[in-house]
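Working notes, structure below.
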Amino acid sequence: MYPFTILAVSDLVSEFGVEIVMNSFAEFYHELTPKHQKKIKLIFIDKGGYTIPILRWSEKLNIKPIVQVLNWKRMEKVEEAFHQANFLLMPSRTKTYNGIMQALSKGLPVLSYRGEEREALIDLTCGMLIDYMSTGQSIGDFASLLRMLYYDPAACKILKKGALKKYTTLLQWQQPTGNVARASAAS
C-alpha cells in the first residue's frame, strides 16, 4: 500500500467531465477495503467556479473527506498537488494539449480519451487512453484503470518516468534544429 492521489483540473474537463471524474473515482474508492481507502485521495484544481458542484458530488458519492479542492491561484499548492499526484484524470475530448504537456512536464501520467490530439502525445509509456462510448462506460473504464494502477505500483513508477521522458522528447521535436544544437553545445 502506498499513497495514491488522482489529480483533475476543472478547465481540462467540462461540467460533464466533472461528473465522470467524481463517479469514476468514487466507484474505484468504494471497491477498496477500508485499509486501502486510507491511502487514496482526489485533488481537484478549480479554475472555473466548479468548487460547489465538486463538493456536492463528493458529498452525494460519500467521498467528501478524501476530496480536496484547490483554487488555481494558489500556485504553491497547485505545484505541490502536481508533484504529489500519481495521475492526471482528464475525461475531455477537447482543448487538451496544454494540460497534457503541463502534466508530462511534471512527470505526471495522463488518463484520458482516445483521440487524434491525445494519441499524438500519450502512449503506453506515459499514460492510458480509453474509447468514449457513453458516460456509464467511461465511468467504469476509468474506475477500472484506477484500480489496476493502484494495485500495480511498479507500473505507476514506469509511467511517471515515461511521462517526463515523453515531455523531453516532445519538446526536442518541437524546437528548431538550430536551438537544439545550441542547447546541446552549451551543456
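Of everything in region 25-51 that is out of contact with any strand residue (DSSP E or B) (no Cβ under 7 Å at 6 or more places or on another chain) and buried (at least 21 other Cβ atoms within 10 Å of the Cβ), the residue that is nearest to ASP141 (Cα to Cα) is PHE28. Could you please find all residues in region 52-93 being free of Cβ contacts under 8 Å to residues at least 12 places away in the same chain and surrounded by 14 or more Cβ atoms within 10 Å (Cβ to Cβ)? Across region 52-93, the qualifying residue is only LYS77. All conditions in (1) buried (at least 18 other Cβ atoms within 10 Å of the Cβ); (2) out of contact with any Asp or Glu (no Cβ under 7 Å at 6 or more places or on another chain) hold for THR96, with the sole exception of (2). If I filter region 116-143 down to residues being over 25 Å from THR169 (Cβ atoms), aliphatic (A, V, I, L, M) and buried (at least 17 other Cβ atoms within 10 Å of the Cβ), which single residue comes out as farthest from the chain's Cα centre (by Cα)? Per the stated criteria, the residue is ILE139. Yes or no: region 1-18 includes at least one residue that is surrounded by 19 or more Cβ atoms within 10 Å (Cβ to Cβ), more than 12 Å from the chain's Cα centre (by Cα), at pLDDT below 95 and aliphatic (A, V, I, L, M). Yes, region 1-18 contains a residue that is surrounded by 19 or more Cβ atoms within 10 Å (Cβ to Cβ), more than 12 Å from the chain's Cα centre (by Cα), at pLDDT below 95 and aliphatic (A, V, I, L, M).
Considering LYS64, LYS41, LYS73, LYS60, the condition of being under 18 Å from the mean Cα position of the chain (by Cα) and of a type in the set (D, E, K, R) is satisfied by LYS41 alone. The set of residues from region 116-159 being hydroxyl-bearing (Ser, Thr, Tyr) and not in a helix (DSSP H, G or I) comprises THR125, TYR132, SER134, TYR151.
For region 19-60, filtered to residues that are under 14 Å from VAL9 (Cβ atoms), touching a Ser or Thr at 6+ places or on another chain (Cβ under 6 Å) and of a type outside the set (A, V, I, L, M, F, W, C), the residue that is modelled with the lowest pLDDT is GLY48.
The values are calculated or read from the model by the stated rules, or taken from the named source; none is laboratory data. Just so you know, these numbers come straight off a predicted model, no measurement behind them. For neighbour counting, all protein chains shown are included, and Cβ atoms are generated from backbone atoms with ideal geometry for every residue, glycine included.
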